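S.K.: I'd like to ask some things about the structure below.
The values are calculated or read from the model by the stated rules, or taken from the named source; none is laboratory data. The structure displayed is predicted, hence computed values, not measured ones. All Cβ positions, glycine included, derive from the backbone under ideal geometry; neighbour counts span all protein chains shown.
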Amino acid sequence: MPPPTGWMTAPILTFLNFTGDNPMAKIDAFFKLMNEQGASDLHMVSGQPPALRLRGDVERIKYKVLENDELKGMLYEIAPEDKVKVFEETGDVDFGYEIPGLARYRANFFMQKYGCAAVFREIPSEILTAEQLGLPPVVPKFASLPRGLVLVTGPTGSGKSTTLAAIIDTANKTRKDHIITVEDPVEFVHRSQQCIINHREVGLHTKTFSAALKGALREDPDIILVGEMRDLETISLAIEAASTGHLVFGTLHTSSAAKTVDRVIEVFPSSEQAQIRSTLSDGLRGIVAQVLFKRIDKKGRCAAQEILIATPAVRNLIREAKTHQINSSIQTGKKYGMVLLDDAIMELLNKGWISAEEAYTKSNDKGRFRALLKSPPVDFTDA
C-alpha cells in the first residue's frame, strides 16, 4: 500500500534491519527517528502507519501499515510483565521507558477498534533551565517559597511537565531540602544536587497519588510534586499538605487561572466548598496557565503563560467566591509579575514568533485578535 503524498520520507527502514544479536528493541528505531526529527510524540496504531507529532502537527512516517500482532509484539518487547498484565485486563496502561543516552518516554498503551495502539511522549534527558526555556522571571521564584500550593495548568501537551521540571531544578540547585515527586509515570529524572530527590511512580512504587501523598507527610518532605491532581482525595491531600508547612506543586487541565481556582473548588461537595475556599485562599501561592505555539520565525515551539500571584487581594476574591474578578486583579498586578494569557500571547505575536491565526485560535478573548486576521473565520459557536 503506497503512502499518501505529504508523508515523511525519513529512511526508517534502514533502522529496522536488526539481527537477532542486536540488543535494541525493534521499536527503538522509531524512537531514534523521533529524536532526530525533534518530535514530541510517536503514535503506533493497528491498521495505520506510524506517525510523529512535529511542532504540533501529526505527520505520518513512510512505513507500512502496522498489523495488530506485529505491533503487539513490538510493544510487549519493551513493557514490564506486570504492565502487560494490566493492559490485557483493562485495555489501558501507562509506564515509563528509557533508552540510555537517548531519552525517556512516557508510554500509554490502549485498545481501539482495530487492535492495540500506543502513544509515546519523549521526555528529554537534559532538564532545561528556566532561563533556557525563557520562563518569566517570577516563575523560577516559586522554587524559593517556604510553603504553599503552586499549580501549573494547561491542555494536554502544553509543556506543564517541562515548566515544573525547571522549577524543581531551580530548587534542587538552590535549596538544601527533601523533594518527593509522585508521577504516573516518572517523567523528568532529577539528579540530587543540593537537595535529596526521591521519585515515586504510581503503580510501581505506590498504588495511587493519594496513597503516596499520605505517605509523603511522614517522609519529612519540604517540597512535593504531584504529577496530576486528578481526583477529590488527591486535591484535598495536596491542599492539606500545602496548609501544613509544605511547598506543593501540581498540575491541572485548565485554561486560565480563574478557571483553575473554580475547578479545584468544584471538585468538592457543595457543603464543603465554603471551607475549601478559605483553606485554598490561605494556601495558594500562584498559578501558571500555559499554552504552546509553533514558532514561525524558526523551528521549535514557545509558550505563552498566564501568571497569577496570590496577593491579599486575590486571596480575598477566592474566599468571597468572586473568582470572576481574578482577571482584573491580574491586570492590576503587573508589578508582582502577573500577566493575562492574552497579553502574553500578544507579546509573542508582536515579536513575530507566532502567527495571528494561532494566536486567535488559542486566545481567550477572540475579539482582541480577530481584527489582526487577514481572513477572519466564521465561528459557528459565536451564533
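S.K.: Across the stretch 94-115, which residue is surrounded by the fewest Cβ atoms within 10 Å (Cβ to Cβ) among those that are hydroxyl-bearing (Ser, Thr, Tyr) and assigned to a strand (DSSP E or B)?
M.R.: My answer is Tyr97.
To keep it simple, each residue is scored yes or no on (1) surrounded by fewer than 19 Cβ atoms within 10 Å (Cβ to Cβ); (2) touching a Phe, Trp or Tyr at 6+ places or on another chain (Cβ under 9 Å).
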| position | (1), (2) |
| --- | --- |
| Gln194 | yes, no |
| Arg200 | no, no |
| Ala211 | yes, no |
| Gly215 | yes, no |
| Ser243 | yes, no |
| Glu266 | yes, no |
| Gln273 | yes, no |
| Arg277 | no, no |
| Ile296 | yes, yes |
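S.K.: With the structure loaded, tell me whether Ile287 is modelled with pLDDT of 95 or more and either loosely packed, with under 15 Cβ neighbours inside 10 Å or not in a helix (DSSP H, G or I) (or both) or whether it fails that test.
M.R.: The answer is yes for Ile287.
S.K.: From the list Leu308, Leu292, pick out the single residue that is free of Cβ contacts under 8 Å to residues at least 60 places away in the same chain, in a strand (DSSP E or B) and either among the aromatic types (Phe, Trp, Tyr) or outside the structural domain of Arg53 (by TED's automatic domain parsing) (or both).
M.R.: The match here is Leu308.
S.K.: Among the residues that make up the stretch 148-157, is at least one of them free of Cβ contacts under 8 Å to residues at least 60 places away in the same chain and either buried (at least 16 other Cβ atoms within 10 Å of the Cβ) or within 21 Å of Ala241 (Cβ to Cβ) (or both)?
M.R.: No, that holds for no residue.
S.K.: Same structure again: Of the conditions (1) in contact (Cβ under 8 Å) with a residue 12 or more places away in the chain; (2) more than 21 Å from Ile224 (Cα to Cα), Glu131 satisfies every one except a single condition; which number is it?
M.R.: Failing condition for Glu131: (1).
S.K.: Scan the stretch 133-161 residue by residue and report those that are closer than 18 Å to Arg191 by Cβ and modelled with pLDDT of 95 or more.
M.R.: Passing the criteria: only Ala143.
S.K.: Being of a type in the set (A, V, I, L, M, F, W, C), touching a residue at least 24 places away in the same chain (Cβ under 8 Å) and over 18 Å from Pro136 (Cβ atoms): is that true of Ile345 here?
M.R.: no
S.K.: While we're here: Could you run through the stretch 326-380 and say how many residues are within 20 Å of Ile287 (Cβ to Cβ) and among the acidic types (Asp, Glu)?
M.R.: Selection size over the stretch 326-380: 4.
S.K.: Is at least one residue of the stretch 260-275 touching a residue at least 12 places away in the same chain (Cβ under 8 Å) and closer than 24 Å to Thr170 by Cα?
M.R.: No, there is no match, as no residue in the stretch 260-275 is touching a residue at least 12 places away in the same chain (Cβ under 8 Å) and closer than 24 Å to Thr170 by Cα.
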